[in-house]
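The values are calculated or read from the model by the stated rules, or taken from the named source; none is laboratory data. Bear in mind the structure is a predicted one, so any value in this text is a computation, not a measurement. Quick reminder, even Gly has a Cβ in these numbers, built from the backbone with ideal geometry, and neighbours come from all protein chains shown.
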Amino acid sequence: MQVHIVANLTARGLLRSPARLDALRANAAGKAQLHETASVAELGPVMRAVLEDGVDLLILVGGDGTFMSGVSALSRALAERAPSGVIWPRLGLLPMGTVGTIAKNLGERGEPERLLSTWLEQPDRVHAIPRPTLSLTATTSEGATEERVGFIVGTGLVARFFEVYEERGAGGIPLAGRIVARVFAESFTGGPLAKRVLTPLPCELRVDGEVQSSSALSLLCASVVRDLGLGMKVCYRAGEEPDRVHLVASQLSPRHLGPRAPFVMAGRSIGGKGHVDRLVSSFQVTFPGSQGPYVLDGDMFRAKSFLVKAGPVIPVVGPRDP
């Protein structure tokens with residue numbers, strides 16, 4: 001069994017606790033090949049080397065952005081190596097970032113150190129479950145294209161929420177919860193934070209080739225996992241079909257969108273005039289002017305437009321009774 005571990009040294013769980021990195025190195029010794037990366041640019045060569053050496057189990061260590069970047073780099077390396085017949089290794093998601101939303105949806109529960117020890121002890125018995133992904137192709141204002149594979153994508157309030165979250169120090173679930181609570185409260189009174197986060201963002205939305213009537217969206221989110229963090233089940237049908245993603249888009253004003261938060265917590269449709277809430281084969285968002293913001297698995301990007309469709313189905317290590 002060939003086991004490789006790719007660890008993101010900039011993940012907050014490793015940055016804040018050097019002892020964790022030491023334990024990771026000790027656990028890997030003699031059982032797996034450890035690759036330590038400090039930037040996304042390093043992932044391409046690392047993934048090509050991993051495939052060249054042979055890999056049965058690939059463990060990604062970090063947060064949601066680490067998993068997205070690692071899966072994206074591996075997808076590109078696999079396509080280069082075997083464009084007509086891609087075989088994915090089993091992927092273990094070891095959460096050592098700030099939130100770990102993707103791992104909580106797809107992976108095994110428990111302390112990361114214990115999970116790693118279990119996986120390395122008997123790697124041939126590690127159980128993987130086929131999981132859907134989404135494929136995103138972004139086009140910049142200069143005409144360059146960027147391709148990524150991920151799990152949750154959004155713009156509108158999703159992008160503006162992450163702007164506020166990053167400005168305030170990206171403090172994980174406690175900070176995210178405080179921001180959400182304040183936005184919800186201010187949505188009833190027209191407060192400044194609610195206006196900033198919830199005001200519709202100008203863009204054009206095309207769903208399965210058809211242009212939608214809205215010219216601005218307060219919320220757009222598509223996902224292949226149900227819980228987007230903090231119990232938010234905006235995409236409550238996510239993962240139902242591997243060849244379609246659940247898209248939710250709304251043009252509601254801050255005063256009307258904020259009070260619908262309980263619907264999201266309950267896994268119900270937000271509703272409202274002109275909303276989109278269904279499984280789709282593809283959709284495209286185009287921003288007016290130069291570029292607009294979007295978030296993919298917790299990482300912020302900017303593009304002139306981005307196209308989303310179902311991505312590859314990948315084997316992710318998870319519980320035997322998901």
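With the structure loaded, tell me whether residue 287 is crowded, with 22+ Cβ neighbours inside 10 Å, aromatic (Phe, Trp, Tyr) and in the same structural domain as residue 216 (by TED's automatic domain parsing) or whether it fails that test. Here the answer is no, as residue 287 does not meet what is asked. The condition (being part of a strand (DSSP E or B) and charged (D, E, K, R)) is satisfied by just one residue among 243, 227, 277: 277.
Please note which helices (runs of 4 or more DSSP H) are completely contained in segment 116-204 and include at least 1 residues that are without any contact (Cβ under 8 Å) to a residue 40 or more places away in the chain and among the aromatic types (Phe, Trp, Tyr). Passing ranges, in order: 157-167. Which residues, taken from segment 65-107, are within 17 Å of residue 153 (Cβ to Cβ), in contact with a Gly (Cβ under 8 Å, 6 or more places away or on another chain) and β-branched (Val, Ile, Thr)? Passing the criteria: 66, 71, 99, 101.
Summed over segment 128-147, the residues that are closer than 17 Å to residue 73 by Cα and either touching a Cys at 6+ places or on another chain (Cβ under 7 Å) or among the polar types (S, T, N, Q) (or both) give a count of 4.
Checked against the criterion of being closer than 18 Å to residue 225 by Cβ, surrounded by 15 or more Cβ atoms within 10 Å (Cβ to Cβ) and in the same structural domain as residue 218 (by TED's automatic domain parsing), the candidates 164, 99, 183, 149 yield just one match: 149. Which one is surrounded by the most Cβ atoms within 10 Å (Cβ to Cβ), of the residues in segment 64-93 that are farther than 19 Å from residue 146 by Cα and in contact with a strand residue (DSSP E or B) (Cβ under 9 Å, 6 or more places away or on another chain)? Once the filter is applied, the top-ranked residue is 93.
Scan segment 241-249 and give yes if some residue there is in contact with a Lys or Arg (Cβ under 8 Å, 6 or more places away or on another chain) and modelled with pLDDT under 95, otherwise no. Taking every residue of segment 241-249 in turn, none turns out to be in contact with a Lys or Arg (Cβ under 8 Å, 6 or more places away or on another chain) and modelled with pLDDT under 95.
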